[in-house]
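This report concerns only the one structure given below.
The values are calculated or read from the model by the stated rules, or taken from the named source; none is laboratory data. Bear in mind the structure is a predicted one, so any value in this text is a computation, not a measurement. A quick note on method: Cβ atoms are made from the backbone with ideal geometry, for glycine too, and the neighbour counts reach across all protein chains shown. Calculation scope for accessible area: heavy atoms of the full protein, side chains included, ligands and nucleic acids excluded. Shrake-Rupley method; radii C 1.70, N 1.55, O 1.52, S 1.80 Å.
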Amino acid sequence: HDKEKMSLFLEKSMENDYVVDGALAQDLKQVQEMWEIRESCNPIIKAQGYNYKYDLSLPIPQYYDIVEETRNHLRARPDAILVNWGHVIDGNIHLNVITPGVFEEDPELKSLLEPFIFEAVVRRGGSISAEHGLGQQK
């Protein structure tokens, strides 16, 4: 019964262009493997450089727009790389900007990000306090 619901949900999501591609675990082993991949995201990017982290919630139709807009906004900063993941089902996206090889905050880059990201979220009717609530930089 739940498998049927999930199949219908995915079918409708793909028809509406909310989902382009994805993977669905077929058993508990695959569920565990997917969680291991997800849980490795933060340590991997933290090891690469300074991480400007934003836990955002956005309307699903605009879910990825903020990534594209932020990438465009930062085009003059090729040293800043966006790395993102989230939960499409609830509109939560972990938007991360990293500076590979640089492990200290760059005030100039931060001023490009804030309030830009906050304003972009507000324009979309989203929230800057999604899954993890308010953080020190918010």
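Phi angles across the stretch 53-63 convert, under the Karplus curve 6.51 cos²θ - 1.76 cosθ + 1.60 with θ = phi - 60°, into 3J(HN,Hα) values of 10, 9, 9, 10, 10, 9, x, 3, x, 10, 3 Hz, Gly and Pro given as x. Classify the stretch 1-80 from the C-alpha gyration tensor, please: rounded if a/c falls under 1.5, else prolate or oblate depending on whether a/b exceeds b/c. Here the stretch 1-80 falls in the oblate category. Annotation for the stretch 75-129 versus the stretch 4-73: alpha-carbon center distance of 15 Å.
Mean residue ellipticity, 222 nm, helices only, the chain: the sum of -39500 (n - 2.57) across DSSP H runs of n ≥ 4, divided by residue count and rounded to 500, is -12500 deg cm²/dmol.
Oblate is the label for the stretch 22-138, because a/c, from the alpha-carbon gyration tensor with a ≥ b ≥ c as root eigenvalues, is 1.5 or above and a/b does not exceed b/c. The residues neighbouring Arg77, those whose beta-carbon lies less than 15 Å from its own, together hold a net charge of -3 under the Lys/Arg +1, Asp/Glu -1 convention. Helices that extend 27 Å or more along their long axis by alpha-carbon positions and average at least -1.0 on the Kyte-Doolittle scale are, among the DSSP H runs of the chain, 28-46. For the chain, carbon and sulfur atoms together expose 57% of the accessible surface, with a 1.4 angstrom probe and every protein chain in place. Packing here is the average count of other Cβ atoms within 10 Å per residue, and on that basis the peptides 18-29, 96-107, highest first, run 96-107, 18-29.
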